[in-house]
1. Determine whether the stretch 68-81 contains at least one residue that is part of a strand (DSSP E or B), crowded, with 17+ Cβ neighbours inside 10 Å and either in contact with a Cys (Cβ under 7 Å, 6 or more places away or on another chain) or modelled with pLDDT of 95 or more (or both).
2. When the stretch 131-182 is examined, which residues are found to be over 16 Å from Ala52 (Cα atoms), in contact (Cβ under 8 Å) with a residue 24 or more places away in the chain and of a type in the set (Ser, Thr, Tyr)?
3. Name, by its number, the condition in (1) at pLDDT below 95; (2) open to solvent by less than 20 Å² (accessible area, probe 1.4 Å) that does not hold for Ser94.
4. Return a yes/no flag: does the stretch 103-111 have any residue that is part of a strand (DSSP E or B), open to solvent by less than 20 Å² (accessible area, probe 1.4 Å), closer than 25 Å to Ile186 by Cα and not aromatic (Phe, Trp, Tyr).
5. Starting from residues that are more than 14 Å from Thr191 (Cα to Cα) and out of contact with any strand residue (DSSP E or B) (no Cβ under 8 Å at 6 or more places or on another chain), keep the ones in the stretch 144-162 and report whichever is modelled with the lowest pLDDT.
Amino acid sequence: MSSRSRRAPLDLKYCVTGIARALLTIPLLLAVTNPALAQAEPTVRSPSRYLADFKRLFDSGDISDYKAVGQALQMPVAPQVGEAVDSSSARGNSPIAGVSRDFRRAGPAPEYLEFPFLYGDFVPRGGGAARVVLNVYLDKSIICVTQGDLEAAFAALRRSPLTDNAGMAYITELHGKNDISATFMIFADSTCVERVGLTQNIQRD
């Protein structure tokens, strides 16, 4: 048997391995080149649909689940590493030990400006009410939520002028297992909501 025939099985093995590797890359290439297979970017909602999704989260009575918050807002978020901290309640009681987390944006969210963005929570050790603070800014060139939209979505809506005639805040609250407050700010130079805030149990002991 010649040396060429003895090497043939080894060459064939390499060929088969190369083909297998090539086949494995096909799904990845299709996902990159075919938008239907790639992850879809969130769509821009109408103001009424946006507020309906927001109100569903608000009416749930608990905004401590960051995945539910991200889904309702159509803003993917992910927690950064939590650190044990001491926190004093807004009423000046003794410090409370617990775990504080900050969250970051983790995907496309076309309805919002990238900055400013603030989202964090605090969970007391040994149980207790989770504190949550969220502030995001809508891109009013993409979605314009008006005062009329807010009044149609929320039956109980309180108006509070911003300092220096800077605009108006529209506030709605829910009290139950958790104390939740939602704030929508329309600045003086606009008719669209720009800042959206959500808090939970900020005033609780």
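The values are calculated or read from the model by the stated rules, or taken from the named source; none is laboratory data. These numbers come from a predicted model, not from an experiment. Quick reminder, even Gly has a Cβ in these numbers, built from the backbone with ideal geometry, and neighbours come from all protein chains shown. Note: accessible area is taken over every heavy atom of the protein model, side chains too, but ligands, DNA and RNA are not part of it. Shrake-Rupley method; radii C 1.70, N 1.55, O 1.52, S 1.80 Å.
1. yes
2. Result: Tyr137, single match.
3. Just one mismatch for Ser94, condition (2).
4. no
5. For the stretch 144-162, the residue satisfying everything is Ala155.
One line per residue, one yes/no per condition, for (1) open to solvent by less than 20 Å² (accessible area, probe 1.4 Å); (2) in a helix (DSSP H, G or I); (3) touching a Lys or Arg at 6+ places or on another chain (Cβ under 7 Å):
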residue: Tyr119; (1), (2), (3): yes, no, no
residue: Gly126; (1), (2), (3): no, no, no
residue: Val133; (1), (2), (3): no, no, no
residue: Arg159; (1), (2), (3): no, no, no
residue: Ile171; (1), (2), (3): no, no, yes
residue: Ala182; (1), (2), (3): yes, no, no
residue: Met185; (1), (2), (3): no, no, yes
